[in-house]
Each structure stands twice: as structure tokens, then as C-alpha cells.
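Student: Shown below is the structure under consideration.
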Amino acid sequence: MKPAMETAAEENTEQSQERNGCFGCCIKCLGGVPYASLVATILCFSGVALFCGCGHVALAGTVTILEQHFSTNTSDYTLFSEVIQLMQYVIYGIASFFFLYGIILLAEGFYTTSTVKELHGEFKTSACGRCISGMFMFLTYVLGVAWLGVFGFSAVPVFMFYNIWSTCEVIKSPQTNSTATVEQICMDIRQYGIIPWNAFPGKICGSALENICNTNEFYMSYLLFIVACAGAGATIIALLIYMMATTYNYAVLKFKSREDCCTKF
């Protein structure tokens, strides 16, 4: 009986060690995850998806509003329509580029953690690795500055639609009672440079402007432009996190290249 009891005790000990070994391995793997890069990737994907998807639909809605209400001559907004179409193609390119770039930065974050060192043995950073990390750092800084311009540009249609919406709210307000006063409240879309100054009618007043604000195209485009602007802001935050992560990774690879260490950010 004693050998059997000893055998059972040894089996229990082995099973306990195996469980502890699996638990310890999971803890080490979780400890080596680059959480900053992971959060930045999720935020970047979400922001770019909102910006590209909502911006694409909102631009199409803007062209529809322009065609139906602000200009009767197609030659007045031909150039604007071509620019909108070009911007929609640019949106496709932006979405594809940031999808690939986000995956590459996330992979770079994973491969500069201590988990890679423990899985693949001891290694020292090479000049090529430091060069690649520096390249990602520089490219992320450039994209961050460029995306600030994109964020500012995406705020322009929000400002334009807000002006139209606020004008409609003035028309609907109780203080505006007389028909003469209502018809004197106008919105001239030509002041934004979308259509030329000789476009007809170009300016919408009173009840006609109120009817435009009550259309589904107007409200949908307005809300989508707001969401697209918010998506651009989220992408800027993601790029800022990427900047901190890539800068930290490059600094450690640069100044501790002679040591057996790697980053965990």
C-alpha cells in the first residue's frame, strides 16, 4: 500500500507543478504584452474606421444637398463633385494604409518585449533593429503632424453645417414670428467657396432653408461629419500613444544595446 500511496502523492505533486507551470507561463505571456501599443492599435482602427466610413457617406450627402437646393446648374458644382470623388478615393487609401501600419506597429511592440527573449533565447539588439525602430518612430511623428491637419480639415464641414443648423434654429425660435422677418434670414453657401459666386440660387432664405434642415440628408450628413471629426481626434490620440511607445522602444534599444534587455511598452 505504501508504494501506491507514494505514487499517488508523486502524481499529485506533478499535476500541481504542471498547473503552476501553465499558470506561470500565462502570467509571463501577459506580462510581456505591449499594452500601450495594443490600446493604440484598437483606438487607431476605431478612429480611422469612423473617419473614413462616416466621412465617405457624409461627403456623398453633401453633394446631394448641393444639387437639390443650392444650385440648378450642374456646371456650378462639377469641380466640387470631382474633388469629393477624389477625396473618397483618398479615404480608401487612408483606411488601407492605417490598417497595415497599425498591424506593423503592434507587431513591432510585441517583438520588442521580454517575452520574445524568453521564448527565443538570449539575444542582443542589432544596428538593423535599432534602425527599424528609429524609422517607425520618425514615421509615426510625421503621421501625427499630418493627422493634425486632417483633424482641422474635418472640422470645416462641421462648422459649415453647424452654421446652417443654428440659422434654422433662429427661424424656428418663438421670437421670429412675422413672415417678413423669417424670409430675411438667409444662408449663402457661396461664402464657403463650394460653388462660384454666380451660382443660382446659391442663397436660401426663410421657410426654404427650414425645409432643408428638416431633410434626412441634412441631419445625417451633419451627424456623420461630427462622428468623422471625432474619429480623426481618436486617431490623433492613438498616434500620440504610438509616439510614446516607439520613442521608448528606440531609447531602450539605443542606450542599452550592449545589455541583454528589451522593452516592454
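Student: Across the stretch 221-257, which residue is modelled with the highest pLDDT among those that are more than 20 Å from Gly152 (Cα to Cα), open to solvent by 40 Å² or more (accessible area, probe 1.4 Å) and assigned to a helix (DSSP H, G or I)?
Tutor: Of everything passing the filter in the stretch 221-257, Met244 is modelled with the highest pLDDT.
Student: Sticking with this one: Exactly one condition in (1) touching a Ser or Thr at 6+ places or on another chain (Cβ under 7 Å); (2) buried (at least 20 other Cβ atoms within 10 Å of the Cβ); (3) over 30 Å from Phe97 (Cα atoms) is not met by Phe218; state its number.
Tutor: Single failed check for Phe218: (1).
Student: Condition (residue is touching a Pro at 6+ places or on another chain (Cβ under 8 Å) and either in a helix (DSSP H, G or I) or not aromatic (Phe, Trp, Tyr) (or both)) applied to the stretch 197-214: is it met by at least one residue?
Tutor: No: zero hits.
Student: When the residues of the stretch 53-65 are narrowed to those that are open to solvent by 10 Å² or more (accessible area, probe 1.4 Å) and of a type in the set (A, V, I, L, M, F, W, C), which ends up nearest to Ala208 (Cα to Cα)?
Tutor: Only one residue tops the list, namely Ile65.
Student: On to the next question. State whether the residues of the stretch 167-184 include one that is touching a residue at least 24 places away in the same chain (Cβ under 8 Å) and at positive phi.
Tutor: No, there is no match, as no residue in the stretch 167-184 is touching a residue at least 24 places away in the same chain (Cβ under 8 Å) and at positive phi.
Student: If we keep just the residues of the stretch 91-106 that are among the β-branched types (Val, Ile, Thr) and closer than 16 Å to Ala228 by Cα, which is farthest from the chain's Cα centre (by Cα)?
Tutor: Checking each candidate, the answer is Ile91.
Student: Given the residues Ile84, Ile94, Ile164, Ile104, which is the only one that is of a type in the set (A, V, I, L, M), in contact with a strand residue (DSSP E or B) (Cβ under 8 Å, 6 or more places away or on another chain) and at pLDDT 85 or above?
Tutor: Ile164
The values are calculated or read from the model by the stated rules, or taken from the named source; none is laboratory data. Not measured: the values here are computed from a predicted model. Neighbour counts run over all protein chains shown; Cβ positions are idealised from the backbone, glycine included. In case anyone asks, the SASA skips ligands and DNA or RNA and just uses the protein heavy atoms, side chains included. Shrake-Rupley method; radii C 1.70, N 1.55, O 1.52, S 1.80 Å.
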